[in-house]
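The block underneath contains the structure these notes are about, expressed in structure tokens.
Bear in mind these aren't lab numbers, they're just calculated from the coordinates by the rules spelled out. Note that the structure is predicted; figures quoted are calculated from it, not measured. Every residue, glycine among them, receives a Cβ derived from its backbone with ideal geometry; neighbour counts consider all protein chains shown.
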Ligand SMILES: O=C(O)c1ccccc1NCC(=O)[C@H](O)[C@H](O)COP(=O)(O)O
């Protein structure tokens, strides 16, 4: 499936080359500090809540999906940053959701997509993202390094996702400051927070560490806090909750349970 996603991205980039108007981007206009939002005091974990309509594995997760309303609920209930999925084909996201969400909330916004070309980074900046996901697994070292450096030039924080030690070693040879350990295996799509618990020791203390995917409960957060995680990225367990505000609050204030 990952190969099909990347092939579609290549087609999208061809279109982007014709359509993207880079002059629409004014650097620094409303640049929010993604990295700082992930560092809470006394080891308390921050929550990056994800605006996620569907998953390629599980299909539509959220039938009454309103990205702006969700983002507003997330911010009001303690999320310190918001992730917006912009991939359309597999996740039913839209690029426009990102700009709409950015106008609605004050917290920093992460763009989640499959970035393989620097043109997509210009687009990310134009859309108003404060940070962007780069997946170590799908990028050769030289491409990853170039994208990370380009992010810094554009004022967009690079957030590099890893799933094994080879991914970690690759991104540690770049100036990245925030790494996400994906608990979802992108080969077979199994999910376990053990991935974070096993890999975190290979990431230096100077790097901000995020655990991504499959996080459901306060119990998960307590385990991740003990392991030294700074933030979690949560999509599905929030959007499928019967009471979304209460679910965000439960995760954002897990220490007060
Ligand atoms: O969500 C999926 O099923 C998925 C499948 C294939 C590639 C990526 C996938 N997810 C992307 C994400 O980054 C997640 O939405 C994010 O980590 C949140 O995960 P979760 O809390 O498990 O929804």
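What percent does the relative contact order of the range 1-86 come to when contacts are Cα pairs within less than 8 Å and at least six residues apart?
Numbers: 56 pairs, mean separation 23.1, N = 86.
After rounding, I find 27 percent.
What share of the DSSP beta bridges in the chain is antiparallel, in percent to the nearest 5?
The antiparallel proportion sits near 10 percent.
Give me the percent of DSSP beta bridges within the range 145-254 that run antiparallel, rounded to the nearest 5.
So the antiparallel bridges in the range 145-254 amount to around 10 percent.
Using the alpha-carbon centroid of each, what span in Å lies between the range 65-143 and the range 168-228?
Centre-to-centre (Cα) distance: 19 Å.
If contacts are Cα pairs under 8 angstrom and at least 6 residues apart, what is the relative contact order of the range 56-125 in percent?
30
State the dimensionless ratio Rg/Rh of the chain (Rg: radius of gyration of Cα atoms; Rh: Kirkwood radius).
Numbers: Rg = 16.8 Å, Rh = 18.1 Å.
With Rg and the Kirkwood Rh in hand, the quotient comes to 0.93.
Relative contact order for the chain: what is it in percent, counting Cα pairs under 8 Å that are at least 6 residues apart? Mind showing how you got there, number by number?
Details: 494 pairs, mean separation 53.9, N = 257.
After rounding, I find 21 percent.
Within the range 183-221, which residues have the backbone N less than 20 Å from the label spot 7 Å out from residue 42 along Cα→beta-carbon, could you tell me?
Only 218-221 pass the distance filter.
Just for the range 27-151, what percent of DSSP beta bridges are antiparallel, to the closest 5?
Numbers: 2 of 12 bridges.
Beta bridges within the range 27-151, antiparallel portion: roughly 15 percent.
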